[in-house]
Amino acid sequence: MAGSGEKGSELPLQECLQAAVQVALDAGQIIREALRIEKRVQTKSSAADLVTETDQLVEKLIISTLHTKFPSHRFIGEESVAAGDKCILTDDPTWIIDPIDGTCNFVHGAPVVAVSIGLAVNKELELGIIYNCVKEKMYTGRRGHGAFCNGQKLQASKQQDISKALILTELGSNREPTAVRMLFNNMERLISVQAHGIRIIGSAALDLCHVATGDVEAFYQFGLHCWDMAAAAVIVREAGGILIDTAGGPLDLMSRRVVAAGTPQLAQQIARELEPVAYERDDSTEEGIDSRSK
């Protein structure tokens, strides 16, 4: 879709936030109703990379609703990219959407799923909206205006010591032996430096919300996508947390890797322990192995 070249300061960001919150609520109602019924499931990049009709329905609802209100804006959606759309972030206002983060949970009826909607302008993340539609928790963040859950201001943990940290991660859907081995090697590395524990809940967006609330100290993952972390990145930052590349540098939204923590010191400690796992970038123009796995 054509872009407008608008700057973040010129956009009606509060209006954008309110529109995204409302469509997330509408999407959440659809997901709740579909959670307990039998689903028609298809696979994408691997046998563990799942998609349902509800994912596709919800994404179409979100995009059509926001496009009606903001016709000049662009969109990057998980299911649209899976269907062949380009995943290219420009300076134009761009909504980055994961209609159901935690699709595997959703398929099995496990109540850990979320709608994730982020907005970037000039490649800068401005808004984040994540709706835990089972627990009816609405997480929101606006750059420079704080992060909230159901209106309550969020504050990330101030813990700096990895030996006092509870850390979240995700398995992803890549089942290649090398990737699986490196996944567990990284867990072992963190346990060996006496991290309190490592947990997996099946939703990167909600993992990052737990970092923002201070319920856990950190999160890391290789192989996730821009739509898994765009909205959450705003929420974590506005809650006082930090997101970095797994090599220790600034976060690259398209790199498919992240460490998030309440403090820079903890984020860097975790990054130093991690063995890198190679994934093709989201914005790569070439086809590659596991280019869309999650």
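Find all pairs meeting these conditions: Cβ atoms under 6 angstrom apart; at least six residues apart or on different chains; first residue within region 119-139 and within 14 Å of Ala230 (Cβ to Cβ); second residue in a strand (DSSP E or B) and aromatic (Phe, Trp, Tyr).
The qualifying pairs are Leu119/Trp95; Ile130/Tyr139.
Does any residue of region 1-14 turn out to be assigned to a helix (DSSP H, G or I), closer than 13 Å to Leu119 by Cβ, at pLDDT below 95 and touching a strand residue (DSSP E or B) at 6+ places or on another chain (Cβ under 8 Å)?
The answer is yes, given that some residue of region 1-14 is assigned to a helix (DSSP H, G or I), closer than 13 Å to Leu119 by Cβ, at pLDDT below 95 and touching a strand residue (DSSP E or B) at 6+ places or on another chain (Cβ under 8 Å).
Determine whether region 177-186 contains at least one residue that is under 25 Å from Asn122 (Cα atoms), aromatic (Phe, Trp, Tyr) and either open to solvent by 10 Å² or more (accessible area, probe 1.4 Å) or touching a residue at least 24 places away in the same chain (Cβ under 8 Å) (or both).
Scanning region 177-186, I find no residue that is under 25 Å from Asn122 (Cα atoms), aromatic (Phe, Trp, Tyr) and either open to solvent by 10 Å² or more (accessible area, probe 1.4 Å) or touching a residue at least 24 places away in the same chain (Cβ under 8 Å) (or both), so the answer is no.
Mind checking which residues of region 218-232 are of a type in the set (Gly, Ala, Ser), crowded, with 24+ Cβ neighbours inside 10 Å and more than 15 Å from Gln269 (Cβ to Cβ)?
Selection gives Ala230, Ala231, Ala232.
Given (1) of a type in the set (S, T, N, Q); (2) crowded, with 19+ Cβ neighbours inside 10 Å; (3) under 20 Å from Pro12 (Cβ atoms), where does Thr52 come up short, assuming only one miss?
Of everything listed in (1) of a type in the set (S, T, N, Q); (2) crowded, with 19+ Cβ neighbours inside 10 Å; (3) under 20 Å from Pro12 (Cβ atoms), Thr52 misses just condition (3).
Looking at region 27-49 only, could you name the residues that are touching a helix residue (DSSP H, G or I) at 6+ places or on another chain (Cβ under 9 Å), open to solvent by 40 Å² or more (accessible area, probe 1.4 Å) and of a type in the set (Gly, Ala, Ser)?
Ser45
Looking at Asp252, Asp215, can you tell me which residue is open to solvent by 10 Å² or more (accessible area, probe 1.4 Å), in contact with a helix residue (DSSP H, G or I) (Cβ under 9 Å, 6 or more places away or on another chain) and in a loop (DSSP other than H, G, I, E, B)?
Answer to the selection: Asp215.
Taking Glu59 and the conditions (1) open to solvent by less than 60 Å² (accessible area, probe 1.4 Å); (2) part of a strand (DSSP E or B), which numbered condition does it fall short on, given that it satisfies the others?
That leaves (2) as the condition not met.
Suppose we filter region 187-211 for residues that are over 28 Å from Ala230 (Cβ atoms) and either assigned to a helix (DSSP H, G or I) or open to solvent by less than 60 Å² (accessible area, probe 1.4 Å) (or both); how many remain?
Number of matching residues: 4.
Name every residue in region 155-180 that is more than 23 Å from Met229 (Cα to Cα), part of a helix (DSSP H, G or I) and at pLDDT below 95, in order of residue number.
Scanning region 155-180 gives Pro177, Thr178.
Going by the conditions given, is Thr103 within 15 Å of the chain's Cα centre (by Cα) and modelled with pLDDT under 95?
yes
The values are calculated or read from the model by the stated rules, or taken from the named source; none is laboratory data. Nothing here was measured: the structure is a model prediction, and the numbers come from that model. All Cβ positions, even for glycine, are placed from backbone atoms using ideal geometry, and neighbour counts span all protein chains on display. For accessibility, only protein heavy atoms count, side chains too; no ligands or nucleic acids. Shrake-Rupley method; radii C 1.70, N 1.55, O 1.52, S 1.80 Å.
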